[in-house]
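The values are calculated or read from the model by the stated rules, or taken from the named source; none is laboratory data. Owing to the predicted nature of the structure, the values given are computational and were not obtained by experimental measurement. Positions of Cβ are generated from backbone atoms using ideal geometry, with glycine treated the same way; all protein chains shown enter the neighbour counts. Heads up: the accessible areas ignore ligands, DNA and RNA and are worked out on the full protein's heavy atoms, side chains in. Shrake-Rupley method; radii C 1.70, N 1.55, O 1.52, S 1.80 Å.
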Amino acid sequence: MTVFCGIDWAERHHDVAVVDDTGTLLAKARISDDAAGYSKLLDLLAEHGDSPETPIPVAIETSRGLLVAVLRTSDRKVFAINPLAASRYRDRHGVSRKKSDPGDALVLANILRTDMHAHRPLPADSELAQAITVLARAQQDAVWSRQQVANQVRSLLREYYPAALHAFQGKEGGLTRADARVVLALAPTPAKAAKLTLAQLRAALKRSGRTRGFDTETARLREIFRSEYARHRPAVEDAFGQQLLALLKQLDAACQAADDLTTAAEAAFKEHADSEILLSFPGLGPLLGARLLAEIGDDRTRFADARALKSYAGSAPITRASGKKHFVGRRFVKNNRLMHAGFLWAFSSLTASPGANAHYRRRREHGDWHNAAQRHLLNRFLGQLHHCLQTRQPFDEQRAFAPLLPAQLEGVTGARKPSH
């Protein structure tokens, strides 16, 4: 007898349903979200034939958490069912739109019973790959949080301190630069900034880690800070200064967190066997490579072919056809983190790969907008990446863009040959 399990996940408890291949409910239970509850779940599965040789497959609406980690300690197949898909399956068992946690667990179990072949189990990634996933996603979240706080600082400076925006906004990194944060902490109001001497500015730049160009930068900052701007009254200006100092503490912490996680993610990525192949591609560095590896993993059976990887990333187009209507457009359901990293990869490859630049220019000449041309380039890169990972060989510029290089290599400006 074949047995399937469905788990309706919640924050404090989980409902479990076990069914056989005929849809008969064999058992149901509610377990707590702790070690005792996980042990109760494993005992329940063992009572219905679960063993290391024949583990019972489990469907759950999340792919993360300690419960999923416990279920994946063996060779058990765990299926993370999209909640939207689960709600559609619920309508197959009744049209009254009733809903309950035990009922959702039963629906999940029946999804595996009827359509397990149509769903993809969680990949069997290595421990190192899972660690890279945690670090790379945390680093990306930290970068987004850093930018969010920087945007709050920028909005505040627009209210009372335009000189600071003129001083730092145009530089790479903007307000997240170390010298910008040190100077603003030293002079949080226009009145204090106007009183800064060259020696004080020079000392602040040294504390920020700057190593050269002190005279030019201090003269530039003093000139900006002593220029004429509209001002608030002193008491109001000081109040804005206190708010800025509070935001700068948050910005310092966000910048430090992003830097620490970047170092950790790059170090873990370089230890992985796939890092050499990923770094052989033009436009990929350790951090961007870590983000890609975090999303595609190192389970080579996860994607049946290159098309599956492209669809997962959202770079492959999708066709909607009905009667006389036929539409081919971009995908909206995709791995957004992978797509974000892919766009950065495609953009940076334009100056690192003559073939990628030629491919992008050809797509633009055919009428594609910038985003469409980049997505098409990413689609091609993902196909090449899938091939290289499967065959364990590095990227080869000549083989990857052979039809484009002879005719257009000389016309590509600003492109350099890859070091590999």
Holding the Cα-Cα limit at 32 Å, pick out from Lys171/Lys192; Lys99/Lys334; Lys40/Lys270; Lys40/Lys98 the pairs that are longer than that.
Lys40/Lys270
Area of Tyr360 that stays accessible when all protein chains are in place (1.4 Å probe, Å², to 10):
30 Å²
Do any trypsin sites (Lys or Arg not before Pro) in segment 112-182 lie in a loop, going by DSSP, with at most 13 other beta-carbon atoms within 10 Å of their beta carbon, and if so which?
Lys171
Relative contact order [Cα under 8 Å, 6+ residues apart], segment 256-356, whole percent
28 percent
What angle, in degrees between 0 and 90 and rounded to the nearest 10, separates the Cα long axis of helix 354-365 from the longest principal axis of the Cα atoms of the chain?
90 degrees
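Give the longest segment of the chain that steers clear of GluC sites (Glu not before Pro) in DSSP loops with at most 15 neighbouring Cβ atoms within 10 Å, not counting the sites themselves.
Of all site-free stretches, the longest is 229-409.
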Placing +1 on the Cβ of each Lys and Arg and -1 on the Cβ of each Asp and Glu in the chain, which of Thr176, Ile296, Val143 has its Cα farthest towards the positive end of the resulting dipole?
Thr176
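Run through the DSSP bridge list for the chain and note the antiparallel percent, rounded to the nearest 5.
That works out to approximately 75 percent antiparallel.
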Just the accessible area per residue of segment 161-245, please: how many Å² with a 1.4 Å probe?
56 Å²
How fast does segment 288-401 diffuse by Stokes-Einstein, in µm²/s, taking the Kirkwood radius from C-alpha pairs at 20 °C and 1.002 mPa s?
144 µm²/s
Relative contact order (percent) for the chain, with alpha-carbon contacts under 8 angstrom and 6 or more residues of separation?
13 percent
Residue-span extension gain [Arg210 to Thr197] - 0.36 nm each, minus C-alpha spacing:
2.9 nm
Report, in whole Å, the centroid distance computed from the Cα atoms of segment 225-247 and segment 276-340.
48 Å
Considering only DSSP beta bridges with both partners in segment 4-122, what is the antiparallel share in %, to the nearest 5?
70 percent
Looking at segment 247-302, which trypsin sites (Lys or Arg not before Pro) are in a loop (DSSP not H, G, I, E or B) and have at most 15 other Cβ atoms within 10 Å?
Arg300
In whole percent, and with a 1.4 Å probe on the protein chains, what portion of the accessible area of the chain is carbon and sulfur?
52 percent
Before rounding to the nearest 500, sum -39500 (n - 2.57) across all DSSP H runs of length at least 4 in the chain and divide by the residue total; then give [θ] at 222 nm in deg cm²/dmol.
-18000 deg cm²/dmol
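What are the semi-axes of the equivalent ellipsoid for the chain, taken as the square roots of 5 times the Cα gyration tensor eigenvalues, largest first, in whole Å?
49, 32, 21
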Non-local amide H neighbours of Ala59 (under 5 Å, H modeled in plane, Pro and chain starts lacking H): which ones?
Cys5, Gly6, Ile7, Phe79
Segment 217-363: C-alpha gyration tensor shape, a/c 1.5 cut-off, then a/b vs b/c:
prolate
